[in-house]
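Inspection log for the structure reproduced underneath, given as structure tokens.
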Amino acid sequence: MAGRVTRSALGALFLLLLLLLPGGALRADYSEAEKAYSMGRMLVDMGDHAGGVFELKKAVAIMPLPRYLEALIEAYRAAGQEDAALLWGVYYQESTREDRRSVDLNTWVDQARERLVSRLCLLTVKTDPKDARLKVTYDTGVEGQPFQDIPGKGRQVLLDPGQVLLVASHETRKEEQRRLVAEGGKRLDLDLTLQRPEGVGTLTVTASEPGAVVLLDGADAGKAPLQKELKSGRYLVQVWASDHAEWSGFVEIMPGRTAELTVTLKRAPGASLAQSKPLKVEGGGGMSLATWGWICSGLGVALLGGGGYTYSVVFSKTDEMNKLKKSATKQRADLQAQVDSYFLYTMILGGAGVAALGGGITMILLDDGEGGSDGESLQLLSVAPVLTPDAFVLEAGFGF
């Protein structure tokens, strides 16, 4: 009773974790496996054994559940491929608890093992790279059964006794061949490393940002667009540009061939989304920058003059207030209020005058002397949107 309760609790915990897993990765995998499993069974029922096997192997590759394996083995049996069914059946027995196995299927695997393994040779091959293609051909010219990629064991095939030619190939490596003698009831285990061909090939790199820096195995190779001759082999390519996230990937260079790489760089978080877009005031009458400078300087002098006047009023009111007797409280309070207001006017006018005069003098100094022209503009305010990791902001500033 305690054991059943414990298993139920563990099952409930597993389902809870399945639902709460961040990103839903396990749920997505299970959903994809279920789709492939359902499609595979439907295709087998319709008589399309090859299509059914393909879908069921996809489900097993995602998640090797016992019912997926059972369906795959039955699909191979329905297709008349007992060798492949047996290889997966052995894996099924080794990976599934006895109390969870199908009794009928388990019995068939035991019987097939006694009937086939005693007279056939089991060939297991592990390759580098792992996705190398394998083909076995008997001396009679008959091609052997396809290899089965059994999880944790490598690729396996059952061979009839006799001499066979094993060919391993890959689009980026030299072909490897092995002559083997298959003996009934024996095993053959091979590890094959396919060598890279020697020679020179060409790499071209095109980036979405012209002038992006290209690195090959960490060394500066130039700027995109790039065309470079390289020795055959595998290279790490890194491409980056200012305000963009780095792109990296591997490329295989083959002798006498051109590897074309097109890279789309993504804007990095925090980079400016657009160049500063100024709000412009067109120079009426084609006025030059110096003309605007003289206008601003004149305005500055006028503002400073107004500030000087209000400052003189402050002195006058202060002197008048000091002459009053201390008992004239109301009159002194009125004069003090006037002094405060005129002093505020003085600060405002003085600050604006200094800014206008300084800006005007700067414009005069920066004028190129070519005179104004229609369409020449004065940039008074620039606004630029900026995306940061925390917020979207607008940056604004004055200039000319």
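Computed from the coordinates by the stated procedures, all read-outs in this text should not be read as laboratory data. These figures come from a predicted structure and were not determined experimentally. A quick note on method: Cβ atoms are made from the backbone with ideal geometry, for glycine too, and the neighbour counts reach across all protein chains shown.
Counting only lysines at least 8 places from residue 330 when in the same chain, those with an alpha carbon closer than 30 Å to its own are 317. Summarising the amide proton neighbourhood of residue 199: residues at separation of 5 or more, or on other chains, whose placed amide H is nearer than 5 Å comprise 232.
In order along the stretch 353-360, phi translates into HN-Hα couplings of x, 4, 5, 5, 5, x, x, x Hz, rounded to whole numbers, per the Karplus curve 6.51 cos²θ - 1.76 cosθ + 1.60 with θ = phi - 60° and x for Gly and Pro.
In this structure the amide hydrogen of residue 259, modeled in the peptide plane, comes within under 5 Å of the amide hydrogens of 202, 203, 204, none closer than 5 places in sequence on its chain.
Between residue 35 and residue 337, the simple spin-label model (points 7 angstrom out along Cα→Cβ) gives 8.0 nm. Using the Cβ-Cβ distance between residue 220 and residue 167 with R0 set to 25 Å, the FRET efficiency works out to roughly 0.05. Among the trypsin sites (Lys or Arg not before Pro) found in the stretch 142-192, those both in a DSSP coil and sparsely packed, with 16 or fewer other Cβ atoms within 10 Å of their Cβ, are 153, 174, 186.
Set the bar at 32 Å for Cα to Cα. Now go through 153/174; 57/174; 130/231; 153/228 and name every pair that lies beyond it. In this structure, 153/228 exceed 32 Å between Cα atoms. The charge dipole of the stretch 122-195, taken about its Cα centre with unit charges on the Cβ atoms of Lys, Arg (+1), Asp and Glu (-1) only, comes to about 140 debye.
In this structure, the amide hydrogen of residue 207, modeled 1.01 Å from its nitrogen in the peptide plane, lies closer than 5 angstrom to those of 263, counting only residues at least 5 positions away or on a different chain.
Computed from phi, the 3J(HN,Hα) profile of the stretch 249-262 under the Karplus parametrisation 6.51, -1.76, 1.60 (θ = phi - 60°) reads x, 10, 9, 9, 9, 10, x, x, 10, 10, 9, 9, 10, 10 Hz, with x in place of Gly and Pro. Note on the stretch 122-195: antiparallel DSSP beta bridges, both residues inside, total approximately 75 percent of the bridges counted. The loop-placed trypsin sites (Lys or Arg not before Pro) in the stretch 289-325, going by DSSP, that have at most 11 neighbouring Cβ atoms within 10 Å of their Cβ come out as 325. 3J(HN,Hα) couplings calculated from phi for the stretch 31-39 with the Karplus curve 6.51 cos²θ - 1.76 cosθ + 1.60 (θ = phi - 60°) are, in sequence order, 4, 5, 5, 5, 4, 5, 5, 5, 5 Hz; Gly and Pro show x.
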